[in-house]
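The structure under discussion appears below in the form of structure tokens.
The values are calculated or read from the model by the stated rules, or taken from the named source; none is laboratory data. Please read these numbers as outputs of a predicted model, since none were measured by experiment. Ideal geometry is used to build each Cβ from the backbone, glycine not excepted, and the neighbour counts take in all protein chains shown. Heavy atoms of the whole protein, side chains included, go into the accessibility calculation; ligands, DNA and RNA do not. Shrake-Rupley method; radii C 1.70, N 1.55, O 1.52, S 1.80 Å.
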Amino acid sequence: MYDIIIIGSGPAGLSAAVYASRAELNTLVIEKEYQGTGQIAESERVENYLGLYGESGFDLGEKFREHALSLGARFTDGEVTSISKEEAFYKVSLSDSTDIETKAIIYAAGAKPKRLNIEGENKYSGCGVSYCAICDGAFYKDKIVAVVGGGDTALSDALLLSKTSKLVYVIHRRNELRANKALQTAANQKENIRFILNAVPVEITGDKKVQSVKLLRNNVLEELDVNGVFVAVGTAPESGLLKGIAELDGNGYIVAGEDCVTSAEGIFAAGDVRTKQLRQVITAAADGAVAVHSAENYLLELSR
């Protein structure tokens, strides 16, 4: 019987592993990918994590993992298929039919950006295709970029990129944007933001890096020369395992405040999978620490 099982080995899960190890709690981290460190591994360069400027996402994730291992954190790789409440504990079942019992769960499975699912997207991911303008925008100073999407995130990304990029195209499949009016007004006032509406990207092309994006606009094929493509068509939280167990919001994110406490007693949500305003490496790492603190308090009450 474990005190805590941590599901997910991204920054939130690894931070939780560090804090749980320091608290001498009997803890196990379950990671879907062997020695995985989450989406951060896909970032070419991380410039906004305090004190570790300029690290590649892969290297930064490895440092997080090494830190957890150095404190004695235990890992197992496997895919969690179900979580069930068994009286005073939870049973976590894996795809290999293994069942693991635990008093508390820190759920840090993350959220994945929705993809365009077009030719060239996977090939150039990390080499011109990005899903985070805050993370990667600085690499496109004085360059031409495209943002795909028409919601708040897309226009926020476009405004951010417009500060340093030479030209920003906003590509949206509909005739009208979905973003709030304030963002639309701000974007329309930027001379280096141009809107391409009624357009659907169909292919991203290049050599070693992105060089263009092909669009179908009003049934006519067009090609834009760009140095980067930022995909901002939403995110999909990996929260399916908690459906019917903990409260989810309308978009599928686990409802949990800054204390990471969910509606399910003994389950704590950390990182991108929970409801929050900013989904970044640094906030995910903070969640891991907070989730362990909340879990400690729960375990203390449980033992009384």
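What fraction, in whole percent, of alpha-carbon pairs in segment 50-175 exceed 22 Å separation?
59
One chain, two ends: residue 247 and residue 63. Fully extended at 0.36 nm per residue, the span grows by 62.9 nm beyond their Cα-Cα distance. Ellipsoid semi-axes for segment 109-189, based on the Cα gyration tensor and the rule √(5λ), read 20, 16, 12 Å when sorted largest first.
Taking each residue as 0.36 nm, the span from residue 189 to residue 255 lengthens on full extension beyond its C-alpha to C-alpha distance by 20.2 nm. Semi-axes of the equivalent ellipsoid of segment 167-304 are 42, 16, 15 Å, computed as sqrt(5λ) over the eigenvalues of the C-alpha gyration tensor in descending order. List the longest stretch of the chain that has no exposed loop site; here a site is one of the chymotrypsin sites (Phe, Trp or Tyr not before Pro) assigned by DSSP to anything other than H, G, I, E or B, with at most 13 other Cβ within 10 Å. Between exposed loop sites, the widest span is 54-304. Rounded to the nearest 10 degrees, what's the angle between the helix 152-162 long axis and the longest principal axis of the chain, both from Cα atoms, 0 to 90? Approximately 60 degrees, to the nearest ten. If you run the Gaussian network model on the chain, springs between alpha carbon atoms under 10 Å, then out of 185, 76, 235 the most flexible one is 185.
Quick one: of the DSSP bridges fully inside segment 1-155, what percent are antiparallel, nearest 5?
45
Approximating the spin labels as points 7 Å out from Cα along Cα→Cβ, the residue 50-to-residue 115 distance works out to 3.4 nm. Applying 0.36 nm per residue to the separation of residue 236 and residue 1 and subtracting their alpha-carbon distance, the gain on full extension is 81.4 nm.
The Kirkwood radius of segment 57-119, taken over pairs of alpha-carbon atoms, gives through the Stokes-Einstein law at 10 °C and 1.306 mPa s a diffusion coefficient of 108 µm² s⁻¹. Computed over every Cα-Cα pair of the chain and binned at 10 Å starting from 0, the pair-distance distribution P(r) comes out as 6, 26, 30, 21, 13, 4, 0 percent. Averaged over its residues, segment 149-256 has an accessible area of 53 Å² per residue, based on protein heavy atoms and a 1.4 Å probe. Past 30 Å, Cα to Cα: identify those pairs from 63/163; 63/243; 32/163; 123/166; 114/143; 91/123, in the order given. From the list (63/163; 63/243; 32/163; 123/166; 114/143; 91/123), the Cα-Cα distance tops 30 Å for 63/163; 63/243; 32/163; 91/123.
Counted over the chain, the DSSP beta bridges are approximately 45% antiparallel. Rg/Rh for segment 148-220 stands at 0.98; both radii use Cα atoms, and Rh follows the Kirkwood definition. Given R0 = 25 Å, the distance between the Cβ atoms of residue 299 and residue 99 translates into a calculated FRET efficiency of 0.75. When 74, 65, 217 are compared by accessible area of protein heavy atoms, the largest-first order is 74, 217, 65, using a 1.4 Å probe. In summary, segment 182-236 shows an alpha-carbon radius of gyration equal to 1.30 times the 2.2 N^0.38 Å reference for compact globular proteins. Calculated on the Cα set of segment 209-264, radius of gyration then Dmax: 19.3, 51 Å. Using a probe radius of 1.4 angstrom, the carbon and sulfur fraction of the accessible surface of the chain is 46%. Counted by Cβ distance under 9 Å from residue 91, the other residues give a net charge of -2, where Lys and Arg count +1 and Asp and Glu count -1.
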